[in-house]
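Here the structure comes first, spelled out in structure tokens, and everything after it is commentary.
The values are calculated or read from the model by the stated rules, or taken from the named source; none is laboratory data. Note that the structure is predicted; figures quoted are calculated from it, not measured. Every residue, glycine among them, receives a Cβ derived from its backbone with ideal geometry; neighbour counts consider all protein chains shown. Ligands, DNA and RNA are excluded from the accessible area calculation, which covers all protein heavy atoms including side chains. Shrake-Rupley method; radii C 1.70, N 1.55, O 1.52, S 1.80 Å.
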Amino acid sequence: MPSITKRTYGSRAAAHPIPVAQQLLACCERKQTNLCVSVDVTKKAALLRIADAAGPYICCVKTHIDIVEDFDQDLVQQLQALADKHDFLIWEDRKFADIGNTVRLQYSSGIYKIASWSHITNAHLVPGEGILTGLASVGQPLGRGLLLLAEMSAKGNLATGDYTRKNVEAARRFPDFVMGFVAMRRVDEREETAGGVAPGEGADYVIMTPGVGLDSKGDGMGQQYRTPDEVVNESGCDIIIVGRGIYGGGEGSADDEIVRQSKRYQEAGWKAYLDRLEQ
Ligand code: S5P
């Protein structure tokens, strides 16, 4: 079997054991996009407007639902309707980081009921593997998928070295729930695992990568940007996550500018993927 970076999204979708990873990879293939838009805005109307404008060019919408000031269940329903209309998945970027019992409640309950609408969510391994047991108890029966934050994009972050390796090892113990990583490179490659061949080696993990920008190198608050080519072609990551590069940081970007930037990142991400397959 060729290495993951040499396989098409379509072939990986067909073979993937986790249904939501199948859906995501198949969506990439179908729509010819590896772009996830990160919609970090504080108003319901702006979130829906950006998701609708970017919709044709993306495989996933990433939300921070707790920053939306006028959140209500209608927002979730409208977002789900847009996901159906445009054919994309929803990822609530909740970055769970507590003990198993607490994250189980945070994931299923409260105002947001994240597990009821978000195909994908993510977690830090800081509390140990109990966090995975807790999240899997809610998400797995619903067919959800989890990403572990094995690495981060921000300057000086602590998710490096042994911590990154521990994330990969933990993921291998939850093969029906952990579908991939937030990471800056292919952290799942053989040489990155401690002690050679680990159980589950060869599993297909989706690497989703933030810190992507074509016009800027940073934001003055620690964020570091790389180009889609550096991320997908040089580093072997699968999905580019773009926020402010698409909607400009405010909530006021005009729809045609969101469309223009979404197309631009979609084309750059897809070209980087085709170049990676060809090399
Ligand atoms: O390491 C990380 C992990 C994440 S999920 N670095 C990140 O920037 N993110 C998220 O990606 C972050 O919370 C934000 O929602 C998005 C990047 O947004 P941008 O506007 O800088 O593209």
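Answer rounded, prolate or oblate for region 1-113, using the Cα gyration tensor with square roots of eigenvalues a ≥ b ≥ c: rounded when a/c is under 1.5, else prolate when a/b is larger than b/c, else oblate.
Oblate.
What's the carbon and sulfur percent of region 4-269's accessible surface, probe 1.4 angstrom, rounded to a whole number?
With neighbouring chains kept in place, the figure for region 4-269 is 52 percent.
Would you pull out the residues with amide H under 5 Å of Tyr225's amide H, same chain only if 5 or more places away, H placed 1.01 Å from N?
Placed amide hydrogens put Gly218 under 5 Å from Tyr225.
Sort all Cα-Cα distances of region 4-269 into consecutive 10 angstrom bins from zero, then give the percent of pairs in each bin up to the one containing the longest distance.
It works out to 7, 32, 39, 20, 2, 0, in whole percents.
Can you give me the accessible area per residue for the chain, using a 1.4 Å probe, in Å²?
Heavy-atom SASA per residue in the chain reads 41 Å².
Under the rule of at least 5 residues apart or a separate chain, name every residue whose amide H is placed under 5 Å from the amide H of Asn122.
Those qualifying (amide H under 5 Å, at least 5 residues apart or on another chain) are Arg94, Lys95, Phe96, Leu147.
Suppose only helical runs count, i.e. DSSP H with n ≥ 4. What mean residue ellipticity at 222 nm does that imply for the chain under -39500 (n - 2.57) per run, divided by all residues and rounded to the nearest 500 deg cm²/dmol?
Estimated from H runs of four or more residues: -11500 deg cm²/dmol.
Please figure out what share of the DSSP beta bridges in region 4-269 is antiparallel and state it in percent, rounded to the nearest 5.
Bridges in region 4-269 are about 5 percent antiparallel.
Taking θ as phi - 60°, what are the ³J(HN,Hα) couplings along region 17-34 by the Karplus curve (6.51, -1.76, 1.60), each to the nearest whole Hz, with x for Gly and Pro?
These are the phi-based 3J(HN,Hα) values: x, 9, x, 6, 5, 4, 4, 5, 5, 5, 5, 4, 5, 5, 9, 6, 8, 10 Hz.
Between Phe181 and residues 5 or more places away or on another chain, which pairs have amide H atoms under 5 Å apart, with H built 1.01 Å from N, and which residues are they?
Under 5 Å from the amide H of Phe181: Leu148, Val206, Ile207, Met208.
Going by average Cβ density within 10 Å per residue, which order do the peptides 22-29, 82-89 take, highest to lowest?
Packing order, densest peptide first, comes out as 22-29, 82-89.
Can you run phi through the Karplus equation (6.51, -1.76, 1.60; θ = phi - 60°) for region 124-130 and list ³J(HN,Hα) in whole Hz, with x for Gly and Pro?
Taking θ as phi minus 60°, the curve returns 8, 8, 3, x, x, 6, x Hz for region 124-130.
Per residue of region 147-164, in order, report the coupling 6.51 cos²θ - 1.76 cosθ + 1.60 (Karplus, θ = phi - 60°) as ³J(HN,Hα) in whole Hz, putting x for Gly and Pro.
Taking θ as phi minus 60°, the curve returns 10, 9, 7, 6, 9, 10, 8, 7, 4, x, 5, 9, 8, 9, x, 5, 4, 4 Hz for region 147-164.
Taking Lys113 as the anchor, which aspartates and glutamates have their alpha carbon closer than 20 Å to its alpha carbon, excluding any fewer than eight residues away along the same chain?
Leaving aside aspartates and glutamates fewer than 8 places away in the same chain, those within reach of Lys113 are Asp40, Asp66, Glu69, Asp70, Asp72, Asp74, Asp84, Glu92, Asp93, Asp98.
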